[in-house]
Amino acid sequence: MLRASRLLLRPGGRTAFFTIHPTPGLTPRRRRRAHRDGPVAVASHLSGRELLARAGFVDVKETDCTAEFATVAQAWVDHCEDQRDALAEVRGADEFDRRQTERRIQLQAVRDGLLRRSLLVATRGNDQ
Amino acid sequence: MVTGEERDTRQRFRDHYGEDRTEVVLQIERTVIGGDWGANGYTTIAQANLLGTALGLEPGVRLLDLGAGRGWPGLYLSVRSGCDVVLSDVPFEGLHLALARAADEAANGQVAAVASSARALPFRAGTFDAVVHTDVLC
């Protein structure tokens, strides 16, 4: 993803993205749980900063947005639960329950200090 | 090579984007995210605006949104800033909805869509001024 971004950006072009990732410094056991409970895309063992540097980006800035992540995740759970019947009619009861369960598991992982969400901004470096 | 897990994920997203956007669904998105651009993740309108500011989006800037789904946030950022945007994702269903919304917003002249994975995008090196994505890569 980041290598594709770098290739397609002009020199000096910028990328900005949000990413959900395991909290740095977790024990191997807690890290495995972070990978298990996080979104499908939580896969790499490297930090966003490391991945950006390896892909050839410079001037990397990272902002922690975990508190907002928890607030929004809780809001999805609550408001969807309030409309359970209407949403189950649209997407089916099983699919509704699957999504609610997935969000609750992620939310618990955030509260347990396993997952974070960050905003990363970086500039495409010159050709190497 | 596409793994079985990737295939399952792609099918889930296809099914997701194919769902009816009922008034209840739109109202929940407005309440949680602050808008109704087809978001189903964690990026709020305020956070999308942060992305736009960080990327210096304005008319003439060429933006690429990777994993755009129904167009969130790339379509919104294009409408808000006047920049040109290419929305890319594997499921066609979400992009189809994004292009319909672009037409509704009278922004179809500045919005294009490509059904492709990030690794196979049909553009020359250096085509874009800015790249955005939200919770696609972790």
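The table below gives the values:
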| quantity | calculated |
| --- | --- |
| Within segment B:80-94, tally of residues that are modelled with pLDDT of 95 or more and assigned to a helix (DSSP H, G or I) | 2 |
| Residue B:68 vs. criteria of a type in the set (Gly, Ala, Ser) and part of a loop (DSSP other than H, G, I, E, B) | yes |
| Which numbered condition residue A:68 misses (of (1) within 9 Å of chain B (Cβ to nearest Cβ); (2) open to solvent by 70 Å² or more (accessible area, probe 1.4 Å); (3) over 19 Å from residue B:29 (Cβ atoms)) | (3) |
| In segment B:13-63, the residues that are of a type in the set (D, E, K, R) and either in contact with a Ser or Thr (Cβ under 8 Å, 6 or more places away or on another chain) or not in a helix (DSSP H, G or I) (or both) | B:19, B:20, B:21, B:36, B:58, B:62 |
| Test: residue A:107 is open to solvent by less than 80 Å² (accessible area, probe 1.4 Å) and farther than 20 Å from residue B:133 by Cβ | yes |
| Members of segment A:1-18 found to be part of a helix (DSSP H, G or I) and open to solvent by 60 Å² or more (accessible area, probe 1.4 Å), listed by number | A:3, A:7 |
| Selected residue [open to solvent by 60 Å² or more (accessible area, probe 1.4 Å), under 19 Å from the mean Cα position of the chain (by Cα), among the acidic types (Asp, Glu) and more than 7 Å from chain B (Cβ to nearest Cβ)] from A:89, A:62 | A:62 |
| In segment B:18-40, the residues that are open to solvent by 20 Å² or more (accessible area, probe 1.4 Å) and either within 15 Å of residue B:110 (Cβ to Cβ) or more than 7 Å from chain A (Cβ to nearest Cβ) (or both) | B:18, B:21, B:23, B:26, B:27, B:30, B:34, B:36, B:37, B:40 |
| In segment B:105-126, residue farthest from the other protein chains (Cβ to nearest Cβ) [restricted to those that are of a type in the set (A, V, I, L, M, F, W, C) and in a loop (DSSP other than H, G, I, E, B)] | B:106 |
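The values are calculated or read from the model by the stated rules, or taken from the named source; none is laboratory data. In this text the structure is predicted, and so the values were computed from the model without any measurement. All Cβ positions, even for glycine, are placed from backbone atoms using ideal geometry, and neighbour counts span all protein chains on display. For accessibility, only protein heavy atoms count, side chains too; no ligands or nucleic acids. Shrake-Rupley method; radii C 1.70, N 1.55, O 1.52, S 1.80 Å.
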